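The values are calculated or read from the model by the stated rules, or taken from the named source; none is laboratory data. In this text, all values refer to a predicted model and were calculated from it rather than measured experimentally. Reconstructed Cβ throughout: ideal geometry from the backbone, glycine too, with neighbour counts over all protein chains shown.
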Amino acid sequence: MPFFLPNRGPGRLIIVEGIDGSGKSTQIALLSQWLRLRGFAVAFSEWNSSPLVKETTRRGKKKEMFTPTSFSLIHATDFADRMERYILPLLKAGAVVCADRYAYTAFARDVVRGVDRAWVRNLYRFALKPDLAFYFKVPLETALGRILGGRNALKYYEAGMDLGLSRNIEESFRIFQGRILAEYESMIEEMGFHVIDATKSIESQQQEMRRIVLREFGLVRPPGVLGVDLNAARLHA
Amino acid sequence: MPDYKARPPLSYYRTALPGVDYSELQGKLIVIEGPDAVGRSTQIRGLKPWLEEAGHAVLDTGMARSALAGKGIKEAKQGNTLGPVTMTMYYLTDFADRLENEIIPALRAGVVVLTDRYIYSVMARAIARGENRAWIEKTAGFALVPHAVFYLRAEVQDLITRVVVGRGAFDYWESGLDNGFGHNMYDSFVRYQSRLIRVFDSLAVPYGFEVIDATRPPVEVFESLKTSVSRIFEPQEKSQAEHPRKPAQRVDALPNVKSASGRK
């Protein structure tokens, strides 16, 4: 049974996944910049960013009203809105859409929260299958070091405090992220992730991503994929 | 006619909610369903005091009334950019919040929950807009199987009369204009509501609706409802004590329906 609907293009969908502190956001930003410079029409979509549900999510988080199920559903609402209004039409137009986190985030996180695995996978059946899915593989301690060193204010749901794993927010975050990491690891084969070793330098990770993109998309912009012809543009300059 | 006394204590359709002990749920869950403008809220306004007079504590709830998502849905409907999947998801978020934070606690306390619409409306709207039936049925499968679902049924022409006489104008969403069912609100209303009625009809047997003829005057509909609702309470104490959590036959006939006794 397929998890997602096929992307009938002509655009391409590239997504990144990984636990907090795996460095995926840095890498997808660099990759989309690189694609733009190569003349591609690039769009970017971030997890939990739909203006339509922003207020509801804020209210739920502030008052700590979420249950695992409503938390899962509000994120699916956010995702549906971005899919219907942004990702799908842009792919139809031929853009390369880069997404920071995708349905796999829900598959990992919501299951750790106790939501039924089959239910959450069915929930996202309306999503389009990514053309490329990168997973940033990193040991828990490395990721925790990056997060806990970088900023001091962990948030309630982000740390999985709703699960009652520990009264200590940092300890709760540690256990929660560890469980999410295990869920991601178990999905690698099944979902066909391209695994990036996120312990390597930023430069070498980026090089590896670009190499995979070139291998999958080819050296020239595929037919139907939207962009500008950089050589022609240069001639007129 | 649904065999109410054989209905088990409350259980879910397909997927258990994390952290809910279904055997604790003592109250009754009664659903009033049906298309827009069929007169659901009028009937609920009558049923609530009638049940209270009989000594039942009643919680009345309805779609888009959750503390979490009610306001967000109303705001989202102000703009015309709410896609069909997004709308379905938003309504289910609202439903989940009410189910876990209002309905289940009330049932645990032995309250009669009277709900204006349920997952069937969310499902019908999604299916009428062309979404996949199996997908939405599974997604909404965390809902409780109610003790009774009363489907107020009428034809489109009856709905039109009620909209025009009662409200004086057609509504954007009730006309399904978001999905372009017609070139004007009237045509769109007719086409969309006809489709909704057909979808509700198709849900009636698998979900055990009791169909109430809502083309009759409201007082007659109310009499029918009172008769049917009374039946839910008659055999209650006895049958439950004698046959604790015996799965009902008609519920077992539904694919993937799990009874409370099937869980740990």
Quiz item: Out of all the residues in the range A:60-67, is one or more buried (at least 19 other Cβ atoms within 10 Å of the Cβ), within 11 Å of chain B (Cβ to nearest Cβ) and closer than 15 Å to B:THR88 by Cα?
Solution: no
Quiz prompt | Of all residues making up the range A:10-31, the number that are crowded, with 16+ Cβ neighbours inside 10 Å and assigned to a loop (DSSP other than H, G, I, E, B) | solution = 7
Quiz item: What tally of residues in the range A:116-127 results from selecting those that are within 23 Å of B:MET87 (Cβ to Cβ) and either among the aromatic types (Phe, Trp, Tyr) or part of a helix (DSSP H, G or I) (or both)?
Solution: 7
Quiz prompt | Close pairs (8 angstrom Cβ cut-off, 6 or more residues apart or separate chains): over 30 Å from B:SER11 (Cα atoms) and modelled with pLDDT under 90 in the range B:146-174, assigned to a strand (DSSP E or B) and of a type outside the set (Lys, Arg) anywhere | solution = none
Quiz item: Just for the range B:164-187: of the residues that are charged (D, E, K, R) and part of a loop (DSSP other than H, G, I, E, B), which one is surrounded by the most Cβ atoms within 10 Å (Cβ to Cβ)?
Solution: B:GLU174
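Only one residue in B:ALA106, B:ALA37 is at pLDDT 95 or above and of a type in the set (Gly, Ala, Ser), so which one is that?
Working: B:ALA37 fails: at pLDDT 95 or above.
From the options B:ALA106, B:ALA37, the qualifying one is B:ALA106.
Yes/no matrix, rows are residues, columns are (1) buried (at least 23 other Cβ atoms within 10 Å of the Cβ); (2) charged (D, E, K, R):
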| site | (1), (2) |
| --- | --- |
| B:ASP21 | no, yes |
| B:GLY34 | yes, no |
| B:ALA57 | no, no |
| B:ALA64 | no, no |
| B:MET87 | yes, no |
Quiz prompt | Enumeration of residues in the range A:88-115 that are assigned to a strand (DSSP E or B) and not β-branched (Val, Ile, Thr) | solution = A:CYS98, A:ALA99, A:ASP100
Quiz item: So which residues in the range A:137-177 are touching a residue at least 60 places away in the same chain (Cβ under 8 Å), of a type outside the set (A, V, I, L, M) and in contact with a Leu (Cβ under 8 Å, 6 or more places away or on another chain)?
Solution: A:PHE176, A:GLN177
Quiz item: Say we look at the range A:215-237 and pick out the residues that are assigned to a loop (DSSP other than H, G, I, E, B) and among the hydrophobic types (A, V, I, L, M, F, W, C); which of these is modelled with the lowest pLDDT?
Solution: A:ALA237
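Could you tell me whether the range A:38-53 includes any residue that is in contact with a Leu (Cβ under 9 Å, 6 or more places away or on another chain), polar (S, T, N, Q) and not in a loop (DSSP other than H, G, I, E, B)?
Of the range A:38-53, the ones in contact with a Leu (Cβ under 9 Å, 6 or more places away or on another chain) are A:38-43, A:45, A:52.
Add one more test, that the residue is polar (S, T, N, Q), and what stays is A:45.
Imposing the further condition that a residue be not in a loop (DSSP other than H, G, I, E, B) reduces the set to A:45.
Scanning the range A:38-53 turns up at least one residue that is in contact with a Leu (Cβ under 9 Å, 6 or more places away or on another chain), polar (S, T, N, Q) and not in a loop (DSSP other than H, G, I, E, B).
Based on this model, can you work out whether A:ALA80 counts as under 30 Å from B:THR15 (Cα atoms) and surrounded by 23 or more Cβ atoms within 10 Å (Cβ to Cβ)? Write out each step before concluding.
On the way: under 30 Å from B:THR15 (Cα atoms): yes; surrounded by 23 or more Cβ atoms within 10 Å (Cβ to Cβ): yes.
So A:ALA80 passes the test.
Give the range B:99-151 a look and list any residue that's hydroxyl-bearing (Ser, Thr, Tyr) and in a helix (DSSP H, G or I), or say none. Even if it seems obvious, please write down each step before you answer.
We begin by selecting, within the range B:99-151, every residue hydroxyl-bearing (Ser, Thr, Tyr); these are B:115, B:118, B:120-121, B:139, B:151.
The answer is B:TYR120, B:SER121, B:THR139.
Going through A:PHE71, A:PHE66, A:PHE44, A:PHE79 one at a time, which residue ends up being farther than 22 Å from B:GLU100 by Cβ and either in contact (Cβ under 8 Å) with a residue 24 or more places away in the chain or hydroxyl-bearing (Ser, Thr, Tyr) (or both)?
After applying the criteria, what remains is A:PHE44.
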Quiz item: Given (1) basic (Lys, Arg); (2) more than 14 Å from chain A (Cβ to nearest Cβ); (3) more than 15 Å from the chain's Cα centre (by Cα), where does B:LYS74 come up short, assuming only one miss?
Solution: (2)
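Would you point out the residue of the range B:43-89, among those that are small (Gly, Ala, Ser) and in contact with a strand residue (DSSP E or B) (Cβ under 8 Å, 6 or more places away or on another chain), that is nearest to B:ILE103 (Cα to Cα)? Spell out the reasoning first.
Restricting attention to the range B:43-89, the residues satisfying the condition of being small (Gly, Ala, Ser) are B:46, B:54-55, B:57, B:62, B:64, B:66-67, B:69-70, B:72, B:76, B:79, B:83.
Cutting the leftovers down to in contact with a strand residue (DSSP E or B) (Cβ under 8 Å, 6 or more places away or on another chain) gives us B:57, B:62.
On the way: B:ALA57: 13, B:GLY62: 10 Å.
Only one residue tops the list, namely B:GLY62.
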